[in-house]
Amino acid sequence: MAEEEYRNLIKNLGFKTVSRLTPASCVVYQVKDMKRYRIIKFSAPNDKWTLRHILKENEALKRAQGIDGIVQRIEFYDQRKLCQLDSPYGDVVGLLKEYIPGKTLEQIKDSAIRLPKAFITGSENQKMLESAVKELHQRGIAYLDLTPRNIIISQSKKPYIIDPGTAILKEEVSKIRFLKEKQRDLKCLEWLLKYPRSSIPYPWYESD
Ligand SMILES: Nc1ncnc2c1ncn2[C@@H]1O[C@H](COP(=O)(O)OP(=O)(O)OP(=O)(O)O)[C@@H](O)[C@H]1O
Ligand SMILES: [Mg+2]
């Protein structure tokens, strides 16, 4: 779908486009309503992967509502709604989320900005990220895609998980598989916290 068509959809949803955000596998925009910045994430037309990603992210974020340390979902726009608003394609969906001002761990690493000390050492922030992950697990959400590009350190130096689009819900898999996915998350988290600048492959690349 052309840039122009996404911008038109954003306008019809009642927002102003601020900018398109990259890198991204889905189509991600920073937008603004009368008062605030928001994020809208769309799937690409005729693309099952991005469609599945956003449907999954929507489910996971619904369940994660109110947990501190993970981006909050605001609204989901289904295919019908977007078609009514002039989407020229039948299968595009969108997800509206809060905007978190800050930088991803990947951006911090690439730009050689020093990581906030508070993040590296055993701090409140680390504990917050850990407890967000544990609470997500308790609510039956695992495989949180804890990569450096999916964690934002906010301007107030607080870490947020921003993209659980690969999530696995407890009722979808066997008990053993869910346990494995939880263990993988904890391993990724440990790696992120211990070696945020390492070029060694992160454990989420490991196959089972
Ligand atoms: N809630 C948010 N607040 C601020 N910036 C965000 C937010 N969500 C996404 N971004 C920015 O947009 C980029 C892409 O977002 P996201 O990870 O959700 O898309 P994606 O299609 O899953 O991309 P990727 O394949 O890199 O994971 C992020 O790396 C981040 O820079
Ligand atoms: Mg992502």
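A short reminder: the numbers here are calculations on the coordinates, not readings from a lab. A quick note: this is a predicted structure, and the numbers were derived from the prediction, not measured. With ideal geometry, Cβ positions are generated from the backbone for all residues, glycine too; neighbour counts draw on all protein chains shown.
Here are the numbers:
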{"item": "Pairs from LYS16/LYS103; LYS103/LYS175; LYS32/LYS175; LYS41/LYS170 whose Cα-Cα separation, in the structure shown, is over 31 Å", "result": "LYS103/LYS175; LYS32/LYS175"}
{"item": "Exposure proxy order (Cβ contacts within 10 Å, fewest to most) of VAL133, VAL92", "result": "VAL133, VAL92"}
{"item": "Cleavage-rule hits, trypsin sites (Lys or Arg not before Pro), the stretch 9-109, DSSP coil, Cβ neighbours within 10 Å at most 14", "result": "LYS35, ARG36"}
{"item": "For the stretch 184-189, Karplus couplings with θ = phi - 60° (6.51, -1.76, 1.60), whole Hz, Gly/Pro x", "result": "4, 4, 5, 5, 4, 5"}
{"item": "Under-5 Å amide H pairs with ILE168, H placed in peptide plane, nonlocal only", "result": "ALA142, TYR143"}
